[in-house]
Number of protein chains: 2
Amino acid sequence: MKLKSMDISATASASSIVFDALRKAIIEGQLEEGEPLRQDEIARLFNTSRIPVREAISRLEEQGLVKTQRYKGAVVAGLSPQETEEIFDLRALVEPEIIRNAVPKMSKEDLALAREKCAAFSASPDPMTWGDLNRDFHETLHGASDLKFFLEIAHNAIDRVERQIRAQLVMSNGMERAGREHFGILEACENGDAELAAKLTRDHIQGAKKSLLAHLSVK
Amino acid sequence: MKLKSMDISATASASSIVFDALRKAIIEGQLEEGEPLRQDEIARLFNTSRIPVREAISRLEEQGLVKTQRYKGAVVAGLSPQETEEIFDLRALVEPEIIRNAVPKMSKEDLALAREKCAAFSASPDPMTWGDLNRDFHETLHGASDLKFFLEIAHNAIDRVERQIRAQLVMSNGMERAGREHFGILEACENGDAELAAKLTRDHIQGAKKSLLAHLSVK
DNA sequence: ATAACCTAAATTGGATCCAATATTCAATAA
DNA sequence: TTATTGAATATTGGATCCAATTTAGGTTAT
């Protein structure tokens, strides 16, 4: 008799492990903008050689999360206010399309989960968790969509401004408004109103952009 | 006296050279979809070791141009009809925004150059050049825009379907229609009508998508 | 004291070597 | 004959070493 083929493997390559870890650290702001990424230091941290580290860094650069200069090394990429604005405009263009596509595909379970995430976000008292919970909610809504390239772009865009999103949430009203807007979007999804959900998503992103830019220009 | 700091360098790293060359070869269809990329073979071709080749391949994978499997290697990525359709939808969403942004920024020189490229495209009798000339025209129009992330996404999307675009051009009417539509877009730009230019750009892309998909479903 | 300069340390890019896994193909058993 | 096994080959992932370049620190001349 034949044995079932099972995917034991699952042992990711060293470069992927380093890539994921660095990516997470950059997105979550544990590595600050402009901070140099020393290959040797990172290699020691992960008990590997510099080869997989270099591969990870080159992939991160391809995603725009780090910038490298020959013989000078890589630093965590930052965004100018103009660039930040453009990323939010990009999100405001792409994410409504994702939602519009997702709404008719959402199952009862999807919606129940989204409602859960939405509630969890609004209920959380700990600012440290807001970024993750916000992401959770949006990704749950996006999940029903099958637009893989749109999703890829949206997630990459979100990654690049994740730090700003987190800052925006802790700004005056940021959290409260986001919570309100999330409920609005969720309700539109539950009612199967894709057009409204898309519009509210766009407003949500544009609103965040505006409050963020106002804050940046004040500083 | 101090010497002027001049950018003699310009000697790109080996991995970048390999990356650019492979990327070009894939986009232009010299490497066929599904064709495996052997690190050793490529390294020999470029007189380097496999290290820069691997870095190049990992960057190409990040761009979606190749797919790799652990210990099995990389192959040139292909697109299903659904994926092709989605990429065209993405282009139809993003590129009109680029044009809308670019139109008010176009100088006389930009427009003159665009008219030149447009004429060159329509006048070319050699199907082998159509892909490049088409790209030339569109990139000239895009050039006036300062939306760097939008441009990045549009160009990556175009790269991924460049082969299909070339196929579409040699299809019945493809070239003729593209030429006509290019003139329309150009005229709108010359008249400073950003809205019309954006709309025609969207139509141009959606039209290409439709004729391409019709052809795919027949085959 | 300050600026130019030169050497040493740090850092990156690449080459070569080794280990892990996959693939091929001949030998063998049913 | 055909399916299975297993060794040889091919191929990738990673470690270590070397070369090229940058950076830091100290020395000297003005």
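The values are calculated or read from the model by the stated rules, or taken from the named source; none is laboratory data. Quick caveat: nothing in here was measured; it's all calculated off a predicted structure. Backbone-built Cβ (ideal geometry, glycine too); neighbour counts: all protein chains shown.
Brief remarks on what is shown
- Scan of segment A:81-129 for residues that are surrounded by fewer than 18 Cβ atoms within 10 Å (Cβ to Cβ) and not in a helix (DSSP H, G or I), ordered by number: A:Ser107, A:Ser124, A:Pro125, A:Asp126
- Residue count for segment B:169-182 satisfying the condition of being polar (S, T, N, Q) and in contact (Cβ under 8 Å) with a residue 40 or more places away in the chain: 0.
- Checked against the criterion of being at pLDDT 95 or above and within 14 Å of the chain's Cα centre (by Cα), the candidates B:Ile158, B:Ile185 yield just one match: B:Ile158.
- Given (1) in a helix (DSSP H, G or I); (2) surrounded by fewer than 18 Cβ atoms within 10 Å (Cβ to Cβ), number of the condition B:Leu141 does not satisfy: (2)
- For segment A:121-161, a tally of residues being within 14 Å of another protein chain (Cβ to nearest Cβ) and over 23 Å from A:Ser80 (Cβ atoms) returns 8.
- Of all residues in segment B:11-44, those being part of a loop (DSSP other than H, G, I, E, B), under 15 Å from B:Glu162 (Cα atoms) and not small (Gly, Ala, Ser) number 5.
- Residue in segment A:193-206 that is in contact with a Gly (Cβ under 7 Å, 6 or more places away or on another chain) and either of a type in the set (Gly, Ala, Ser) or within 21 Å of A:Gln30 (Cβ to Cβ) (or both) present: no
- Candidates are the residues of segment B:183-209 that are in contact (Cβ under 8 Å) with a residue 24 or more places away in the chain and not in a helix (DSSP H, G or I); the one that is farthest from B:Phe88 (Cα to Cα) is B:Gly192.
- Taking first residues from segment B:49-63 that are more than 13 Å from DNA strand C (Cβ to nearest atom) and partners that are part of a helix (DSSP H, G or I), the Cβ contacts under 7 Å between residues at least 6 apart in sequence or on separate chains come to B:Leu60/B:Phe19; B:Leu60/B:Leu22; B:Leu60/B:Arg23; B:Glu62/A:Arg59; B:Glu62/A:Glu62; B:Gln63/A:Glu62; B:Gln63/B:Asn156.
- Residue that is assigned by TED's automatic domain parsing to the domain that holds A:Ile87, more than 19 Å from A:Leu90 (Cα to Cα) and modelled with pLDDT under 95, where the choices are A:Leu212, A:Leu169: A:Leu169
- The set of residues in segment B:11-29 that are over 17 Å from B:Gln63 (Cβ atoms) and surrounded by fewer than 18 Cβ atoms within 10 Å (Cβ to Cβ) comprises B:Thr11, B:Ala12, B:Ser13.
- Scanning segment A:45-80 for residues that are surrounded by 16 or more Cβ atoms within 10 Å (Cβ to Cβ), within 11 Å of DNA strand D (Cβ to nearest atom) and assigned to a loop (DSSP other than H, G, I, E, B) yields A:Phe46, A:Thr48.
- Filtered residues of segment B:156-182 (kept if loosely packed, with under 15 Cβ neighbours inside 10 Å and part of a helix (DSSP H, G or I)): B:Val170, B:Glu176, B:Arg180
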